[in-house]
Amino acid sequence: MADKEIVLATGNPGKLREIKQVLADLPVNVIGLNELGDIAEPDETGDTFAQNAREKALYYAQYTGRWCLADDSGLQVDALDGAPGVRSARYSGDAIAPGSPREDVDRANNAKLLDALKDTPDEQRTARFVCSLALARPGEILLETSGAFNGVIARSNSGENGFGYDPLFFVPAHGCTAAELPPKEKNAISHRGRAVRRFAELLNEFLAGAE
């Protein structure tokens with residue numbers, strides 16, 4: 001059976017790299033949106049990561065006519081009542097110009113988070129990354145799953161691996177931030193790694209039943 005092509009509904013190269021690594025042993029070929037030309041992004045109107053993942057998967061599946069895997073993920077900080085939450089990627093808002101490089105957006109988001117928590121004691125800086133995944137074909141959700149990754153928000157950035165809030169996300173069990181973990185080690189414990197591994201199990205069963 002030829003590999004099934006799945007479009008990963010993101011322009012984030014870090015997400016594409018992580019998901020392709022976990023799905024490497026399955027009979028699928030995962031491609032990024034950037035390989036299909038310029039596609040307008042949908043509005044994210046959901047109140048939860050799961051709702052946004054579904055919306056994105058269905059939108060891109062309809063637009064491309066292909067199977068599309070969408071993830072919506074972000075950071076929930078307890079001291080901020082779950083913020084930045086579904087606004088994690090846009091947390092810095094107007095502080096960063098539209099179309100700015102992702103690295104600049106990440107820096108602005110991290111700076112805003114540090115400022116929001118500047119008076120928060122260490123023991124109250126608990127947080128978690130959450131990832132929801134949805135696979136769709138035009139007009140239909142096929143599979144859904146999710147994963148979480150618990151940690152603490154550090155007081156300064158540390159580490160060059162990963163992306164987004166990883167340099168601030170301290171993992172007590174490993175004594176370092178998510179950005180200091182080797183990629184394979186991070187994938188083994190991260191929210192996205194957990195969600196994608198469960199997705200891989202479900203997808204393997206789904207593809208076997210479709211033969």
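The values are calculated or read from the model by the stated rules, or taken from the named source; none is laboratory data. These figures come from a predicted structure and were not determined experimentally. Here the Cβ positions follow ideal geometry from the backbone for every residue, glycine too, while neighbour counts run over all protein chains shown.
Here is a yes/no grid of residues against (1) more than 24 Å from ARG128 (Cβ to Cβ); (2) hydroxyl-bearing (Ser, Thr, Tyr); (3) surrounded by 20 or more Cβ atoms within 10 Å (Cβ to Cβ); (4) free of Cβ contacts under 8 Å to residues at least 60 places away in the same chain:
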position	(1), (2), (3), (4)
ILE31	yes, no, no, yes
GLU35	yes, no, no, yes
ILE39	yes, no, no, yes
THR48	no, yes, no, no
LYS56	no, no, yes, no
ALA70	no, no, yes, no
ARG90	no, no, no, yes
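Can you find even one residue in the stretch 72-84 that is surrounded by 19 or more Cβ atoms within 10 Å (Cβ to Cβ), under 16 Å from the mean Cα position of the chain (by Cα), within 15 Å of PHE199 (Cβ to Cβ) and at pLDDT 90 or above?
The answer is yes, given that some residue of the stretch 72-84 is surrounded by 19 or more Cβ atoms within 10 Å (Cβ to Cβ), under 16 Å from the mean Cα position of the chain (by Cα), within 15 Å of PHE199 (Cβ to Cβ) and at pLDDT 90 or above.
Going through the stretch 170-209 one residue at a time, which ones are charged (D, E, K, R) and closer than 21 Å to ILE141 by Cα?
Across the stretch 170-209, the qualifying residues are ARG192, ARG194, ARG197, ARG198, GLU201, GLU205.
Which condition number in (1) under 15 Å from the mean Cα position of the chain (by Cα); (2) buried (at least 16 other Cβ atoms within 10 Å of the Cβ) is the one that LEU181 fails?
(1)
Tell me which residues, restricted to the stretch 93-127, are surrounded by fewer than 16 Cβ atoms within 10 Å (Cβ to Cβ) and under 30 Å from VAL30 (Cβ atoms).
Matches in the stretch 93-127: PRO98, GLY99, SER100, PRO101, ARG102, GLU103, ASP104.
Determine, yes or no, whether GLU160 is modelled with pLDDT under 95, over 15 Å from the mean Cα position of the chain (by Cα) and not in a loop (DSSP other than H, G, I, E, B).
Answer is no for this residue.
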